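Working notes, beginning with the structure itself.
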Amino acid sequence: MKELQNNGHACDQQSEERLDSRIIPVMREAVGTVQLALFGQLKEKLAEKYQDWAPEDFSRLVGCIVSDLFGTPAGDRESREFARKHIDVVEQELRAMAGILPDMAPYLTDALRMQTLCDHEEGINSLPTLLRARAVGLLQEERTIPMPSAFMLAVRQLGSSQGLLEPIQVKDPDAE
């Protein structure tokens, strides 16, 4: 727990410097990109296991898993009821996620921390979300908290590799 508190303290130290309010929406968009990448990868990994489910129920299940991890409950009543009805399946898949998507763990750790940092800047306590990720084995506590620019670059690369974002095009200054 001390390590999590220290990492939380690191977030507090960074936020004491106060984030430029213009960067918060950009960081939240990067967190959203990680969520989309997770959704796509989970859907692919779990497709065979849930092949008997109706496609809309399977998609809703994957959405519930992602929402649960990021502490963002569904907005509509039907999705909330679905999540309640399948809470055991969601929990089971969350606990298995580190084993089926190990390459996503660094992105998830960074995204959850950045979400917590943004939330803190806006007066929201989302430490329980980090604790939840830790409890299900998805938080890499030893991982150094990245600077926002490094996080956004890593997410850009993830999004590009998943086909969610266009790859960064670097122009050769000598080409003209």
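Once the dipole of the chain is set up with Lys and Arg at +1 and Asp and Glu at -1 on Cβ about the Cα centre, which of Ala47, Pro106, Val136 lies farthest towards its positive end?
Ranked along the dipole, the leading option is Val136.
So what's the gap between the Cα centers of the stretch 20-78 and the stretch 86-160, to the nearest angstrom?
Using only Cα atoms, the two centres lie 12 Å from each other.
By the scheme Lys and Arg +1, Asp and Glu -1, what is the net charge of all other residues having a beta-carbon under 11 Å from that of Met114?
Working: positive: Arg28, Arg113; negative: Glu29, Asp110, Asp119, Glu121.
Combined, the nearby Lys, Arg, Asp and Glu give -2.
Once the other residues with Cβ under 12 Å from the Cβ of Arg132 are scored (Lys, Arg +1; Asp, Glu -1), what is the net sum?
With Lys, Arg at +1 and Asp, Glu at -1, the net is 0.
Within 14 Å, Cβ to Cβ, of Leu36, how many net charges do the neighbouring residues add up to if Lys/Arg are +1 and Asp/Glu are -1?
Values: positive: Arg28, Lys43, Arg156; negative: Glu29, Glu44.
That works out to +1.
Once the Cα gyration tensor of the chain is diagonalised, what are the square roots of 5 times its eigenvalues, in whole Å and ordered largest first, as equivalent ellipsoid semi-axes? Write down the numbers at each step before the final one.
Numbers: eigenvalues 154, 100, 45 Å².
Square roots of five times the eigenvalues give 28, 22, 15 Å.
What do you get when you divide the Cα radius of gyration of the stretch 102-176 by 2.2 N^0.38 Å, with N the number of residues? Working shown, then result.
Working: Rg = 15.5 Å, N = 75, 2.2 N^0.38 = 11.3 Å.
My calculation over the Cα atoms of the stretch 102-176 gives 1.37.
Between Asp76 and Asp20, what's the calculated FRET efficiency when r is the beta-carbon distance and R0 is 41 Å? Round to 0.05.
Details: r = 34 Å, r/R0 = 0.82.
It comes to 0.75.
Under the rule of -39500 (n - 2.57) per DSSP H run of 4 or more residues, summed and divided by the residues of the chain, what mean residue ellipticity at 222 nm is obtained, to the nearest 500 deg cm²/dmol? Walk me through the numbers on the way to the answer.
On the way: 8 runs with 118 residues, N = 176.
Estimated from H runs of four or more residues: -22000 deg cm²/dmol.
Residues with amide H under 5 Å of Leu139's amide H, sequence separation 5 or more or different chain, H placed in the peptide plane at 1.01 Å from N; which?
Here Arg134 satisfy the definition.
The numbers here are math on the coordinates, done by the rules we state, and not lab data. Only a predicted model underlies this, so the values are computations on that prediction, with no experimental measurement involved. With ideal geometry, Cβ positions are generated from the backbone for all residues, glycine too; neighbour counts draw on all protein chains shown.
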